[in-house]
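The values are calculated or read from the model by the stated rules, or taken from the named source; none is laboratory data. These figures come from a predicted structure and were not determined experimentally. Cβ coordinates were reconstructed from backbone atoms using ideal geometry, including for glycine residues, and neighbour counts include every protein chain displayed. When the accessible area is computed, the model is the full protein with side chains, heavy atoms only, and any ligands, DNA or RNA have been set aside. Shrake-Rupley method; radii C 1.70, N 1.55, O 1.52, S 1.80 Å.
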Amino acid sequence: MLTGDLRNKVDQVWNAFWSGGIANPIEVIEQITYLLFLRALDSDQTREDNKALRLKTQPVRLIPTGVDAQGRPHDAMRWSRFKNMAPAEMFDVLSQQVFPFLRGLQWSNGPAADSAFARHMQGARFTIPTPALLAKVVDLLDAIPLDERDTKGDLYEYMLGKIAAAGHNGQFRTPRHIIDLMVALTAPTPQDTICDPASGTCGFLVAAGEYLRRTHPDMLRVPAQNRHFHSGMFHGYDFDNTMLRIGSMNMVLHGVEHPAIEYRDSLAEGAAGDAGAYSLILANPPFAGSLDYENVAKDLQQTVKTKKTELLFLALFLRLLKTGGRAAVIVPDGVLFGSSKAHKELRRKLVEEQKLDAVISLPGGVFKPYAGVSTAILLFTKTMSGGTDKVWFYDCLADGWSLDDKRQPLLDAQLLGLQPLLDKREQLSETEHAKNNLPDLLTRWRTLHPSGPQAVRAEPVEAGASPELSRPRTAQSFCVPKAEIEANGYDLSINRYKEVVHAQVQHRAPGEILAELRALEGEIARGMGVLEGMLK
């Protein structure tokens, strides 16, 4: 549980970096990540030492013993040792001893090299500029409790929320409540193998793991499911090494021991080795940015001939999914109604060759302040044999936060996101719903798929089984038959099918308005006459 006191401590760490001369949020979170890793490594070594003491054996050495080539003791690299050093000495140990050790960790063949985070330490950089700032940050981080998995995971998420700068190449952080919604819509199961091919901070994978812990509390007591959860379920790819380090740490701090977070340009040639490997794709791929078209995988170009990254990523999702696998992905609105041959062909494939389950229109400002582009969530199932009978549309108008650049919460915390459903409280009032549509959205979706976690897969819903099947086109959600979508050139824009009811307005008769104007003019003329009389 992240308390106000813990938030204040994190804010103090953040402010120390800013006042110490590091203003780039990505750089701040990267340096904090290194220090958290060193603290966790020392904690693990202490646990191994105590275990060996109890069993009267030799401890596993995560941090080597003895001295390095310059005669410095390796023991000085432990958090519990260097945190008590003088600032200048601590600075020397970190810059001259610890970071060279981290950069070589992957090839050390030691036990610490097996962790997901250690695999991405090759380019680790120590950029804290002064001994005073290092000592202050170490003191502040040491005062933050990191023993509980929930606490350290929430703390890291809170820090990631401070990455306020727009990302590179069209990347930006997906709001956590939108991630939670997409995870709940797809309802991961302990048997799923989940992939985000543009993983960034691994927000989707972390949320999927937390959903599984909450909805399948006995899962980790089953040995096979425990192994799958920690070593086979989660796969994330990115081509930004800093994001790989941050994403790996995010997963580790949320209790996933060996996630497969790897360096990969997902659209590039040579990245097709895991085609058909995943049962669930959760992603918010970059919508824009530079693209080396010559390096784009040939099989993706065969699926869709385009240079648009959002279309290529959709083709990639279809390639990565196994038959029967499902996806929830964010796309810009242009994907839904774009008139190019590539746009139309990709939509036709989703509708005719796979099973398109839903199109959820998101509020226009949901990604502010990063971007103002209109977006939607696509939910589909890979069948390779069609299966689309009807498509569910939901017009999400509010997500609980203001839709301007400030993105201020509009409701109390217990009414934001999906929290009302988690708390099993009654439906939001009409006024509350006008500010947060997410609980209603998920509730309506579940009526279409009442059989639980497997429901999003290709299962027909009996006529009359859900009110969603008979809602009018003027409602916030409704279903559209496949034949109608085909007749509209596979246009998936909700505005194509939604009926807008205009309120009838009664205007006053023109003669009545003219009579009122004449009366006003007469009143003005009389007033002016009075003023002229006063001036004589």
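Given (1) within 35 Å of the chain's Cα centre (by Cα); (2) part of a loop (DSSP other than H, G, I, E, B), where does residue 505 come up short, assuming only one miss?
So the condition that residue 505 fails would be (1).
State yes or no: is residue 451 closer than 28 Å to residue 349 by Cβ, under 18 Å from the mean Cα position of the chain (by Cα) and modelled with pLDDT under 95? Please lay out each step first, then the result.
Values: closer than 28 Å to residue 349 by Cβ: yes; under 18 Å from the mean Cα position of the chain (by Cα): no; modelled with pLDDT under 95: yes.
No: the conditions fail for residue 451.
Hey, can you tell me all the residues within region 175-198 that are assigned to a loop (DSSP other than H, G, I, E, B), open to solvent by less than 10 Å² (accessible area, probe 1.4 Å) and among the polar types (S, T, N, Q)?
The one that is assigned to a loop (DSSP other than H, G, I, E, B), open to solvent by less than 10 Å² (accessible area, probe 1.4 Å) and among the polar types (S, T, N, Q): 189.
Taking the condition of being closer than 18 Å to residue 302 by Cα and either open to solvent by less than 10 Å² (accessible area, probe 1.4 Å) or not charged (D, E, K, R) (or both), how many residues in region 352-362 meet it?
Here the count works out to 1.
Restricting region 363-385 to residues that are open to solvent by less than 10 Å² (accessible area, probe 1.4 Å) and in a loop (DSSP other than H, G, I, E, B), which is nearest to residue 286 (Cα to Cα)?
Only one residue tops the list, namely 367.
Which pairs turn up if I take residues in region 63-78 that are open to solvent by less than 70 Å² (accessible area, probe 1.4 Å) and among the basic types (Lys, Arg) and look for partners that are assigned to a loop (DSSP other than H, G, I, E, B) and modelled with pLDDT under 85 with beta carbon separation below 8 Å, at least 6 apart in sequence or on another chain?
Once the first residue is open to solvent by less than 70 Å² (accessible area, probe 1.4 Å) and among the basic types (Lys, Arg) and sits in region 63-78, its partners that are assigned to a loop (DSSP other than H, G, I, E, B) and modelled with pLDDT under 85 give 78/63.
Out of curiosity, is residue 60 touching a strand residue (DSSP E or B) at 6+ places or on another chain (Cβ under 6 Å) and open to solvent by 20 Å² or more (accessible area, probe 1.4 Å)?
Details: touching a strand residue (DSSP E or B) at 6+ places or on another chain (Cβ under 6 Å): no; open to solvent by 20 Å² or more (accessible area, probe 1.4 Å): yes.
Answer is no for this residue.
Can you pull out the residues in region 508-526 that are among the basic types (Lys, Arg) and part of a loop (DSSP other than H, G, I, E, B)?
The one that is among the basic types (Lys, Arg) and part of a loop (DSSP other than H, G, I, E, B): 508.
Give the residue, chosen from 33, 46, that is under 18 Å from residue 137 (Cα atoms), of a type in the set (S, T, N, Q) and in a helix (DSSP H, G or I).
Only one candidate passes the filter, namely 33.
Examine region 390-400 for a residue that is open to solvent by 10 Å² or more (accessible area, probe 1.4 Å), touching a Lys or Arg at 6+ places or on another chain (Cβ under 7 Å) and farther than 30 Å from residue 3 by Cβ, and state whether such a residue exists.
Checked region 390-400: at least one residue is open to solvent by 10 Å² or more (accessible area, probe 1.4 Å), touching a Lys or Arg at 6+ places or on another chain (Cβ under 7 Å) and farther than 30 Å from residue 3 by Cβ.
Would you pick out the residues in region 406-443 that are open to solvent by less than 40 Å² (accessible area, probe 1.4 Å), closer than 13 Å to residue 396 by Cα and assigned to a helix (DSSP H, G or I)?
Scanning region 406-443 gives 438, 439, 440, 441, 442.
Mind checking which residues of region 15-28 are buried (at least 17 other Cβ atoms within 10 Å of the Cβ) and within 15 Å of residue 134 (Cβ to Cβ)?
16, 17, 20, 22, 28, listed by residue number.
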